[in-house]
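The values are calculated or read from the model by the stated rules, or taken from the named source; none is laboratory data. Not measured: the values here are computed from a predicted model. Here the Cβ is made from the backbone with ideal geometry for all residues, glycine too, and neighbour counts use every protein chain on show.
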């Protein structure tokens, strides 16, 4: 089962789930917002139901939020309309089809561990960042500890029966090396809570 099919199938139930760690969520939004200016052009990749894009909208000029799942995008559009967020556009789109070097900030929250070719995705995101702009990400690093690595066979079995998406297991050093190889300089890094930790990174385009 590909990612689009999986997320289309679980979109409604996913949208009803409460945010697991509200303190971490609000801190993520606040840190991301601190890198924005009122006229900033922002791209969010893998926006899901649009929660973060809508919260960042007041801090930016224009927000383009994308996802591969049309079911999630439909939910995000409804939520933006309810919130009165007029400077956010939600589109079903692959990053490869988006213009390069046009965004002062590219955001990707809780998505990098769901992408099989993570290094290629990071390069594509970096290509969309304007000179001097930033890539802001937060992702689980499930390869970081032996306890989290125990989840690999469990998630693999769940994926075989369509109950889980692809999940990558990698370490912080792998993630940061891929960002640097994409021409980015890490300017902020923090490990937040979780079984193996959730890595929040801000990297500026050289």
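Here are some notes:
- Matching strands (runs of 3 or more DSSP E) fully within segment 53-148 where at least 3 residues are surrounded by 22 or more Cβ atoms within 10 Å (Cβ to Cβ), at pLDDT 95 or above and under 18 Å from the mean Cα position of the chain (by Cα): 62-67, 103-109, 129-140
- The residue that is surrounded by the most Cβ atoms within 10 Å (Cβ to Cβ), among those in segment 35-48 that are in contact with a strand residue (DSSP E or B) (Cβ under 9 Å, 6 or more places away or on another chain) and in a loop (DSSP other than H, G, I, E, B), is 47.
- Across segment 57-78, the number of residues qualifying as in contact (Cβ under 8 Å) with a residue 40 or more places away in the chain, in contact with a strand residue (DSSP E or B) (Cβ under 6 Å, 6 or more places away or on another chain) and within 18 Å of residue 137 (Cβ to Cβ) comes to 1.
- Number of positions in segment 160-171 that are closer than 19 Å to residue 11 by Cα and touching a helix residue (DSSP H, G or I) at 6+ places or on another chain (Cβ under 9 Å): 6
- Condition check for residue 199 on (1) at pLDDT 90 or above; (2) under 22 Å from residue 25 (Cα atoms); (3) surrounded by fewer than 20 Cβ atoms within 10 Å (Cβ to Cβ); (4) in contact with a helix residue (DSSP H, G or I) (Cβ under 8 Å, 6 or more places away or on another chain): one failure, at (3).
- Residue 110 farther than 22 Å from residue 21 by Cβ and touching a residue at least 24 places away in the same chain (Cβ under 8 Å): no
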